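Participant: To start, I am sharing the structure in question, which I have written as structure tokens.
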Amino acid sequence: MAVIRDVMAAFELYQPSSVADAQKLLEQHGSDAWVLAGGLDSFDWLKDRIKKPKVVVDLSGIEELRGVRTTTDGIEIGAMTTLTEVANHPIIKQKYDLLAQAAELVASPQIRNQGTIGGNVSQDTRCWYYRGGWPCYRAGGNICYADTPEGRNREHAILHAERCVAVNPSDTAPALIALDAKFVLRTRKGERVVDAEDYFIGPDIDITRLHILQPGDLLTAIRIPSTWAGAQFYFEKIRDRNVWDFPLMNVASAMVTSDDRIERIRIAVNGAAARPLRLKAVEDAVRGRPRNAATGEMAGKLAVQGAVPLQFNAYKIPLMRNLVKRAISGVQEATWAS
Amino acid sequence: MFVICDNGPYDAVGDSASSGRIVSLLYQPQAMRWRGVTVLTNTPPRSAQSSPGGLQGIVIIEPIIAKAARKLGVDQVAIRRVNCPEGKAPFGPAVQGKRQYATSAFLKEALDRGAEQFKWSERVARTPKRIGTKVRGVGVSLSCYVGGTIGFDGLLVITPEGRVIFQSGIGNLGTESVIDVHRAGAEVLGVPWEKCDVVWGNTTKNLPFTCVSGGSQTTHAMTRAAHAAAMEAKKKLQEIAAKKLGGKPEQYEVGNERVFRKGGASMTLAQAAKYAIQLGGIYDGHEVPADVHKLTKASVAALAGQGLVAAAKDNYPRDGSTFSYVASFAEVEVDVETGKYYIVDFLASADVGTVIHPRALGGQVLGRSTLGIGHAIGQKWVFDPHYGQMVSKRFYQNKPPTILDVPVDMQWTALDIPDPETPVGARGVGEPPVAGGCASILNALSDALGDEIFQRAPVNADTILTSLEAGRPMQHPLMAHI
């Protein structure tokens, strides 16, 4: 009969009430420590007994990591702010609605109530071989089970695969990249601020992580500058189910036009590679062009250049092409009289 | 029909035989060849899911009928109306020259009712079909599965306080049948439902031999048993009244919580229960009918002396096999640039005999339709074929449908035409809607996209987009779950 696996291995639980204490604990325990935010990523790993950390540092008691603050140039979102708070926050909805839209499309209402923005951008990949405990490259082994002749890879990467073909599952990450957000980290050497797109890494840099955090590091906040406040935004997420699903792919764009010409634009997709991709070539190609279907189509084709499909994910190439197109030239509303 | 059942590592299940039987009933082919093969594979173990065989058979045939109708220029409802079963419809192979047949089928009426309520003709005629990147399509499907068994026991006690206590052995799945079927007994006795109690839960509560809560049989099987027990109680009430008040038992009627002779003497059920205890023997459970099951006998023995105890086996005749039927209608909206589609509307029109509890029935019809919709829109079970290992272990990976995947105002309707082969007229409803939920969605998608985009289920954004891109089906029909 089935083996009951939903029992976590024992660990020491620490619940610090300040960032300083959390950092001290993380430094003390190094790679033995596991950072717990909302728990949506962590508990699958722990209950499946695939990750067995000796120490868990629970950030839920640290008030200073919560909430949205206005700054001299934009806003700062504490890493432990829930996705529900992000999706409903009046300033985010008014000025940075791209992020509110993305946050609202994450998983389900219950998960958004518990899940945090910091967790959403720092979560691990959902490759089902890796999550199932298969000893793959990402898990320290020497094979990718998804990239085999019979591997089940419908949800895997079409771009920048390097031994591992897993993708980043975050919905808020591309929105934050499009908004030119900065991620604030606490490291052993002090505070470090990085551009959103530099927070994420592919297997060519480190095959075991999706982001730059090292043991002992903590993501404390995300800053959004006012550069793109009130710009024209487009976010679309394609998923199998209408709720409680990771993206097959998503796209986020922020655009400023004048006389219907694209003056400034930032655009990113996720679900295509191990990191959310900022499409710089597309941004350069469409800048100065009219915002119309021809520009959208040109951008879509450019975006998928170099894409390599696996056995079951070739659909991601037209999907990415069309999503990029729509993120630039929009999509026609269809209303039928019932 | 050639069915290969990939059964995992253990013994064969009955899905392949069931698929042939159900298809032969639902489409009434004049000639049909069926073959079934079960193969054992080095993959995770599995067992039957709701509407085993019926689901697969109907979901294979429905798109073929839909395609045929399109090629012939015949309306989808009309072609199904021509081919669907009616009355004592035959099914399955002839054994010694004789074929089995259904107790009844009013599926044509269900199709007509559904087409009218769904405004089928208006939806088919609506133009344009495409606006921008969105295309709409409508689909209809027939559906049926087994709907009832016979031969179980009913048991009730009329107490000296005048209450009627139904002993219910039904396992409560949340469908309310554990309670509802006994309304048939209350009706026979003419006792208001407020004066009835239902005892249920486990066998320490002295429950009768009852069908298992599965196979869509409970409403049929246990309304019959409840009816039989109530008829037995009624007979005893008449005998007690005749003994105490004179006359012949058949001169007495039961109603308004009394046993009475027209224009003459009467007694309350409470008084009759006291007399039953005084009389003992067959009246208060100290003796028990010989034909009831041993489990029922034990329960009767435990209840003996508490009032008028009536136990009876369902010995009612039945000519034919019991099935329930559903006509399912769906409209979808597909975005051809992303492959993403939404189910815009859904209606299930049910032929399930007499309606016992409308809200519970509606819950069953739409709930099981949703289970079928899950098979259309992506519920899946993925294993790596090289290693034979499951990879879709968690709900976010095997994707059962959510409430937001079905339309907000899904509709249902039921004919409420009694089945002539059971005293209460009610048939079971659990599994019959499942295949229609799945196939109506698949047919609506084909109506929107054409017949050459997919030949499989589930159909997801990737199925649609990769095939639209290539102009032909790109996912192998037998590689259902990827």
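The values are calculated or read from the model by the stated rules, or taken from the named source; none is laboratory data. Please read these numbers as outputs of a predicted model, since none were measured by experiment. As a convention, Cβ positions derive from the backbone with ideal geometry for all residues, glycine included, and neighbour counts pool all protein chains shown. All accessible areas refer to the heavy atoms of the entire protein, side chains included, with ligands and DNA or RNA removed. Shrake-Rupley method; radii C 1.70, N 1.55, O 1.52, S 1.80 Å.
Participant: Residue under question is B:Lys340, and the condition is that it be among the charged types (D, E, K, R) and at pLDDT below 95; does it hold?
Facilitator: Judged against the criteria, B:Lys340 is not a match.
Participant: Now a separate question. Answer yes or no as to whether B:Pro433 is over 17 Å from A:Asp240 (Cβ atoms) and either charged (D, E, K, R) or open to solvent by 10 Å² or more (accessible area, probe 1.4 Å) (or both).
Facilitator: In short, no.
Participant: Being at pLDDT 95 or above, within 27 Å of A:Ile201 (Cα to Cα) and touching a strand residue (DSSP E or B) at 6+ places or on another chain (Cβ under 9 Å): is that true of A:Ala285 here?
Facilitator: The answer is no for A:Ala285.
For every residue, the table says whether it meets (1) among the hydrophobic types (A, V, I, L, M, F, W, C); (2) within 23 Å of A:Trp336 (Cβ to Cβ); (3) at pLDDT 95 or above.
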site	(1), (2), (3)
B:Arg318	no, no, yes
B:Phe323	yes, no, yes
B:Leu347	yes, yes, yes
B:Gly367	no, no, yes
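Participant: Against the conditions (1) open to solvent by less than 10 Å² (accessible area, probe 1.4 Å); (2) under 17 Å from the mean Cα position of the chain (by Cα), where does B:Leu445 fall short? Just the number, please.
Facilitator: (2)
Participant: If I filter the stretch B:460-477 for residues that are more than 13 Å from chain A (Cβ to nearest Cβ) and in contact (Cβ under 8 Å) with a residue 60 or more places away in the chain, do I get at least one hit?
Facilitator: Looking through the stretch B:460-477, none of the residues is more than 13 Å from chain A (Cβ to nearest Cβ) and in contact (Cβ under 8 Å) with a residue 60 or more places away in the chain.
Participant: I'm trying to understand the selection: among the residues of the stretch A:179-210, which are over 16 Å from A:Gly78 (Cα atoms), out of contact with any Asp or Glu (no Cβ under 8 Å at 6 or more places or on another chain) and β-branched (Val, Ile, Thr)?
Facilitator: Hits for the stretch A:179-210 are A:Ile201, A:Ile205, A:Thr208.
Participant: Please determine, by comparing only the residues of the stretch A:279-296 that are surrounded by 16 or more Cβ atoms within 10 Å (Cβ to Cβ) and either polar (S, T, N, Q) or within 11 Å of chain B (Cβ to nearest Cβ) (or both), which one is farthest from B:Ile453 (Cα to Cα).
Facilitator: Top of the filtered list is A:Thr295.
Participant: If B:Leu415 passes every condition in (1) out of contact with any Gly (no Cβ under 7 Å at 6 or more places or on another chain); (2) surrounded by 24 or more Cβ atoms within 10 Å (Cβ to Cβ); (3) away from chain A (no Cβ under 14 Å) but one, which one does it miss?
Facilitator: The single condition B:Leu415 does not satisfy is (2).
Participant: Only residues that are in contact with a strand residue (DSSP E or B) (Cβ under 9 Å, 6 or more places away or on another chain) and of a type in the set (A, V, I, L, M, F, W, C): list them for the stretch A:107-127, please.
Facilitator: Of everything in the stretch A:107-127, those that are in contact with a strand residue (DSSP E or B) (Cβ under 9 Å, 6 or more places away or on another chain) and of a type in the set (A, V, I, L, M, F, W, C) turn out to be A:Ile117, A:Val121, A:Cys127.
Participant: Just the residues that are out of contact with any strand residue (DSSP E or B) (no Cβ under 7 Å at 6 or more places or on another chain) and closer than 20 Å to B:Lys119 by Cα, please, taken from the stretch B:67-87.
Facilitator: Listed by number, the residues that qualify are B:Ala69, B:Arg70, B:Gly73, B:Val74, B:Asp75, B:Ala78, B:Ile79, B:Arg81, B:Val82.
Table: residues versus (1) of a type in the set (Gly, Ala, Ser); (2) under 15 Å from B:Ser168 (Cα atoms).
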position: B:Asp291; (1), (2): no, no
position: B:Lys294; (1), (2): no, no
position: B:Ala298; (1), (2): yes, yes
position: B:Gly305; (1), (2): yes, no
position: B:Asp314; (1), (2): no, yes
position: B:Ala330; (1), (2): yes, no
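Participant: Considering only the stretch B:289-399, give the strands (runs of 3 or more DSSP E) lying wholly within it that have at least 3 residues that are open to solvent by less than 10 Å² (accessible area, probe 1.4 Å) and within 14 Å of another protein chain (Cβ to nearest Cβ).
Facilitator: Answer list for the stretch B:289-399: B:322-335.
Participant: Then there is this: Given the condition open to solvent by 30 Å² or more (accessible area, probe 1.4 Å), under 23 Å from B:Val191 (Cα atoms) and assigned to a helix (DSSP H, G or I), answer yes or no: does some residue in the stretch B:261-274 qualify?
Facilitator: Checked against the condition, which is being open to solvent by 30 Å² or more (accessible area, probe 1.4 Å), under 23 Å from B:Val191 (Cα atoms) and assigned to a helix (DSSP H, G or I), the stretch B:261-274 yields at least one hit.
Participant: In the stretch A:241-271, what count of residues is obtained for those that are away from chain B (no Cβ under 14 Å) and crowded, with 20+ Cβ neighbours inside 10 Å?
Facilitator: 10
Participant: Quick check on my filter: what residues within the stretch B:155-207 are aromatic (Phe, Trp, Tyr) and open to solvent by less than 10 Å² (accessible area, probe 1.4 Å)?
Facilitator: Within the stretch B:155-207, B:Phe166 is the sole residue that qualifies.
Participant: Still on this structure, please answer the following. Just to confirm my filter: which strands (runs of 3 or more DSSP E) fall fully inside the stretch B:48-152 and include at least 2 residues that are in the same structural domain as B:Ala457 (by TED's automatic domain parsing) and among the hydrophobic types (A, V, I, L, M, F, W, C)?
Facilitator: Of the strands (runs of 3 or more DSSP E) lying wholly inside the stretch B:48-152, those with at least 2 residues that are in the same structural domain as B:Ala457 (by TED's automatic domain parsing) and among the hydrophobic types (A, V, I, L, M, F, W, C) span B:90-95, B:134-148.
Participant: What tally of residues in the stretch B:75-88 results from selecting those that are farther than 22 Å from B:Gly36 by Cβ, under 21 Å from the mean Cα position of the chain (by Cα) and of a type outside the set (Lys, Arg)?
Facilitator: Residues meeting the conditions: 3.
Participant: Applying the selection to the stretch B:229-254, what residues are open to solvent by 10 Å² or more (accessible area, probe 1.4 Å) and small (Gly, Ala, Ser)?
Facilitator: B:Ala242, B:Gly246, B:Gly247
Participant: So which residues in the stretch A:311-338 are assigned to a loop (DSSP other than H, G, I, E, B), over 22 Å from the mean Cα position of the chain (by Cα) and more than 7 Å from chain B (Cβ to nearest Cβ), if there are any at all?
Facilitator: A:Gln311, A:Gly330, A:Glu333, A:Thr335, A:Ala337, A:Ser338
Participant: Another question, then. Taking interchain pairs and intrachain pairs at least six residues apart, which have beta carbon atoms under 8 angstrom, with the first residue in the stretch B:126-138 and more than 7 Å from chain A (Cβ to nearest Cβ) and open to solvent by 50 Å² or more (accessible area, probe 1.4 Å) and the second part of a strand (DSSP E or B) and not acidic (Asp, Glu)?
Facilitator: Qualifying pairs under 8 Å: B:Lys129/B:Val135; B:Lys129/B:Arg136; B:Lys129/B:Gly137; B:Arg130/B:Arg136.
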